[in-house]
1. Express in nm, to one decimal, how much length is gained between I62 and K165 on full extension, taking 0.36 nm for each residue of separation and deducting their alpha carbon distance.
2. Against the longest principal axis of the chain, how steep is helix 3-29, in degrees 0 to 90 to the nearest 10, with axes from Cα atoms?
3. Would you mind checking which residues have amide H under 5 Å from D44's amide H? H placed 1.01 Å from N; only 5 or more apart, or other chain.
4. Let me confirm the definition first: pairs of Lys residues in the chain, 8 or more apart or on different chains, C-alpha distance under 25 Å. How many are there?
5. Amide H of L121: which non-local residues (sequence gap of 5 or more, or other chain) have their own amide H closer than 5 Å, using H built in the peptide plane?
6. Helix-derived [θ] at 222 nm for the chain: sum -39500 (n - 2.57) over DSSP H runs of at least 4, divide by residue count, nearest 500?
7. Convert each backbone phi in the range 38-45 into a coupling constant with the Karplus relation 6.51 cos²θ - 1.76 cosθ + 1.60 (shift: θ = phi - 60°), then list the ³J(HN,Hα) values in order as whole Hz, x for Gly and Pro.
8. Could you derive backbone 3J(HN,Hα) for the range 72-78 from the dihedral phi with the Karplus parameters 6.51, -1.76 and 1.60 (θ = phi - 60°), listing whole Hz in sequence and x where the residue is Gly or Pro?
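No value in this document is a laboratory result; all are computed from the given coordinates. Bear in mind the structure is a predicted one, so any value in this text is a computation, not a measurement. Reconstructed Cβ throughout: ideal geometry from the backbone, glycine too, with neighbour counts over all protein chains shown.
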Amino acid sequence: MKKWVWILITCVVILLFGGVIGFEVRKSTYHCPVITPDTITVWDTVTHVIPDTVPHYIIKKITLIKHDTIWGTIDTTAILHDYLSTRIYEQVWRDSLLSVDISDTIRYNRLIGSDFRYRLLRPQTVVINRIDKSVTNYRYITGGIDVPIKNLNYIEIEANYVGPKGYVGIGWMPEIGGINIKGGMTFIRLKKIK
């Protein structure tokens with residue numbers, strides 16, 4: 001066969017061998033992020049108030065005259081005091097889950113205020129998933145050696161800093177006697193095979 005066919009076969013074998021080795025090393029060194037579920041039980045101690053507006057009724061006056069006789073003495077001051085006084089009526093409902101307090105204020109024979117309060121008696125469960133992202137580190141310092149196939153005089157020793165966007169590194173060739181600067185960027189990010 002021709003020389004370029006052997007070079008092509010050698011490159012394909014090296015790429016496959018390097019891919020298998022790299023995949024196995026990556027599989028043993030890379031770990032998925034650790035998700036720690038943390039369950040918190042929260043007791044609601046706040047009394048919630050729902051503001052209630054006083055209903056506005058359309059008042060229609062109907063005149064009704066009925067004559068009646070009351071035997072006894074009438075205390076007009078007591079009637080006016082009762083009419084002008086403010087009365088507060090409270091209702092309380094309690095259950096194993098909820099406590100409700102309603103307070104109505106009556107004056108002038110009308111509802112002038114209403115207060116609706118409730119409090120949850122059961123604890124609320126909140127689940128917080130904490131993700132430890134320290135294991136998803138995509139920054140490495142790598143070291144290696146480049147061995148050319150045709151001429152072993154051009155062996156290169158290298159050190160690279162690899163990050164999520166690309167890499168930067170230096171290399172040294174004994175044959176040239178100088179330092180090389182390397183750099184590259186990430187074009188395709190491969191997903192992990194499950």
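1. The I62-K165 span can extend by a further 28.6 nm.
2. Once rounded, the angle reads 40 degrees.
3. Correct list: Q124.
4. Counting lysine pairs in the chain gives 16.
5. L98, S99
6. -6500 deg cm²/dmol
7. Once rounded to whole Hz, the list reads 10, 9, 10, 9, 10, 9, 7, 9.
8. The phi angles translate into x, 8, 10, 9, 5, 4, 5 Hz.
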